[in-house]
Amino acid sequence: MNFMKNILTLTRFGLLMGMLAFPLACTDNFDEVNTDSSRASLSDPAVAADAANGLFSSALSRGLMEAGEFQRVQALYADLYAQYFATSAKYFASDRYAINQSWLDYGWERFYPRDINNLVTILNSEYATANQKLIAKIWKAFLFHRMVEFYGDIPYFSAGNPDVAEKYDSQREIYYDMFTDIKDASDNLDLSIVNSYSGKDIIYSGETAKWKRFANTLRLRLALRIVNADPEKAELEAKAAIEAGIFTSNSDNALAKVNSTLPNALNQITGWNEFRMSATSESILVGYDDPRLSVFFAVAAGGAGEDTAYTGKFNGIRNGLPSSDLDLAENKNQNNSNVGRQFGRDTMNENPRVVLTYAEACFMMAEAVMKGWATSGTAQEWYEKGITASMNQFGITDATTISGYISSTNVASQPVGLDRGITQLPVVFSGNTAEQLEQIITQKWIATYPDGFQAWAEFRRTGYPKLYTIGSYDPATDVPAGSFVQRVPYTSTMRSLNADGIAEAESRMGGSGQNVKLWFAGGN
């Protein structure tokens, strides 16, 4: 079956199902979201560069997802699986590993015909500039790596090509091609052209040199991601990325600007009051006495009577509680921590979207040094640079505060009833090499807040930070009690559009369920 026919069919179906599932939140205009008039202009050399600007702007802002899509795909899956947040709404069961297929269709039918198609249109244009195409390649790799780490095998090489039959490609082939594209971009970007996408680039305002460093830092992220699946390739790509030049300070941070038209989606949905701080976030951030705690979360509002016991405290909810437990006082919204002001509705038009940061690059370098892939600095030095960079990123600059945290022997706290699973290593860097990776990834988990895509992928790769098992498991999930979800399965709609392709993919991956490990995490 033709790729675009499949996706367009899913687009029509997914829009209808999304509106049924979320009648209040779904206010997207179908034609505006899923088509872009700039595409036709890319065949006109007189206006092609400006048309590419519009397509790229859309792929950046909407590729990071608007509120309704963000809620369905990231907030109700990846962010919960990473255990930054826990569901407090009784009508959402995804925290218990239930799957709502219409939510996933809603995201899938926007990802391909809107975001990927915009980028492929730029890449296929005869008139878009060379730099525009190379930066589009970088962003295409960024968007695809999140999706492949969500599902596993997905359509990749056929994406955006109406003349090629849809095929579900293997994860290994996709990673290898992303490495090729990222290398091509890094090697060939013309740095003398300082502004490749004009004011339409909401991350770097078209600064080509910053996109080069972004590409190399993304390459290092992907290299570490596959280290257990393909160690030789991982080492090769990591060394090349470091040599080519990764982020060197917070001034390199990839932060997507927002405005009243396209606000920060996380900030926007916090006012819907459907999630709160997780018990894992409480344990790690409160136990470590982390200065970022009051940036990430707010104290509980509490109230009268029994609720006064929670007033003014940082409290979290255990992930995956049965709906009946959400009626208990300790699990009420007012008795648990919502996000801090920076991530709330009041700042949704101001707080930029976090894409990739220098802090993460430092923690990646700490791991690279441990593996012998880099010789610049020690693992401890990069670990402490990562903590400092993250503190600075979130407005904490006092040197005494930061040094006190870095040398702290505090460990994660354990809320009543949750006495297993959580990490128990202190912040201060261990002299025991067997403990250092857990410390690095735990601090990376804190630093990458609130990016659940990244945090969940790192947990599946490393097992860190140690998380609490969820409170209950949906009857339909194949994830055994005491275990953690490994992937999001294909929906019935996807299956109906390409049953043979999905059957081949699931055979290659070794199954169809949520307990099937992806290639980078030890699967096929």
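Among the residues of the range 415-435, the one identified as modelled with pLDDT of 95 or more and not in a loop (DSSP other than H, G, I, E, B) is Glu435. Taking the range 188-226 as the range and being assigned to a helix (DSSP H, G or I) and either of a type in the set (Gly, Ala, Ser) or free of Cβ contacts under 8 Å to residues at least 12 places away in the same chain (or both) as the test, the residues that pass are Ser198, Gly199, Ala209, Ala215, Ala223. A count restricted to the range 451-466 and to residues that are part of a loop (DSSP other than H, G, I, E, B) and in contact with a strand residue (DSSP E or B) (Cβ under 9 Å, 6 or more places away or on another chain) stands at 1. Let me confirm something: among Leu134, Leu104, which residue is at pLDDT 95 or above and open to solvent by less than 10 Å² (accessible area, probe 1.4 Å)? The conditions single out Leu104.
From the residues in the range 503-524 that are among the aliphatic types (A, V, I, L, M) and assigned to a loop (DSSP other than H, G, I, E, B), which one is surrounded by the fewest Cβ atoms within 10 Å (Cβ to Cβ)? Among those residues, the one meeting the criterion is Val516. Does Ser251 satisfy the criteria of being within 16 Å of Tyr358 (Cα to Cα) and open to solvent by 60 Å² or more (accessible area, probe 1.4 Å)? When the stated conditions are applied, Ser251 passes them.
One line per residue, one yes/no per condition, for (1) farther than 12 Å from Tyr84 by Cα; (2) not acidic (Asp, Glu):
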| residue | (1), (2) |
| --- | --- |
| Ile440 | yes, yes |
| Lys444 | yes, yes |
| Asp451 | no, no |
| Pro465 | no, yes |
| Tyr468 | no, yes |
| Ala476 | yes, yes |
| Val479 | yes, yes |
| Ser483 | yes, yes |
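When the range 285-309 is filtered for residues that are open to solvent by 50 Å² or more (accessible area, probe 1.4 Å) and over 30 Å from the mean Cα position of the chain (by Cα), the ones remaining, listed by number, are Ala304, Gly305, Glu306, Thr308, Ala309.
Results for (1) within 29 Å of Glu66 (Cβ to Cβ); (2) open to solvent by 20 Å² or more (accessible area, probe 1.4 Å); (3) outside any loop (DSSP other than H, G, I, E, B), shown as yes or no for each residue.
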| residue | (1), (2), (3) |
| --- | --- |
| Leu326 | yes, no, yes |
| Val355 | yes, no, yes |
| Ala366 | no, no, yes |
| Trp373 | no, yes, no |
| Glu381 | no, yes, yes |
| Asn392 | no, yes, yes |
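State whether one or more residues within the range 63-70 are closer than 30 Å to Ile422 by Cβ and either modelled with pLDDT under 70 or surrounded by fewer than 18 Cβ atoms within 10 Å (Cβ to Cβ) (or both). For the range 63-70, residues closer than 30 Å to Ile422 by Cβ and either modelled with pLDDT under 70 or surrounded by fewer than 18 Cβ atoms within 10 Å (Cβ to Cβ) (or both): absent. Scanning the range 212-236 for residues that are charged (D, E, K, R) and either within 21 Å of Ser196 (Cβ to Cβ) or open to solvent by 10 Å² or more (accessible area, probe 1.4 Å) (or both) yields Lys212, Arg213, Arg219, Asp230, Glu232, Lys233, Glu235.
Residues that are at pLDDT 95 or above, in a loop (DSSP other than H, G, I, E, B) and among the aliphatic types (A, V, I, L, M) within the range 251-292 comprise just one, Val258.
So that you can scan it fast, the table gives a plain yes or no per residue for (1) aliphatic (A, V, I, L, M); (2) at pLDDT below 95:
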residue: Gly340; (1), (2): no, no
residue: Phe343; (1), (2): no, no
residue: Gly372; (1), (2): no, no
residue: Ala379; (1), (2): yes, no
residue: Glu384; (1), (2): no, no
residue: Met391; (1), (2): yes, no
residue: Ser407; (1), (2): no, no
residue: Ser413; (1), (2): no, yes
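Going residue by residue through the range 237-246, is there one that turns out to be closer than 29 Å to Ser408 by Cβ, in a loop (DSSP other than H, G, I, E, B) and open to solvent by 10 Å² or more (accessible area, probe 1.4 Å)? The answer is yes, given that some residue of the range 237-246 is closer than 29 Å to Ser408 by Cβ, in a loop (DSSP other than H, G, I, E, B) and open to solvent by 10 Å² or more (accessible area, probe 1.4 Å). Considering (1) modelled with pLDDT under 95; (2) part of a helix (DSSP H, G or I), the lone condition that Thr469 does not fulfil carries the number (2).
The values are calculated or read from the model by the stated rules, or taken from the named source; none is laboratory data. Since this is a predicted model, take the numbers as computed values, not measurements. All Cβ positions, glycine included, derive from the backbone under ideal geometry; neighbour counts span all protein chains shown. Heavy atoms of the whole protein, side chains included, go into the accessibility calculation; ligands, DNA and RNA do not. Shrake-Rupley method; radii C 1.70, N 1.55, O 1.52, S 1.80 Å.
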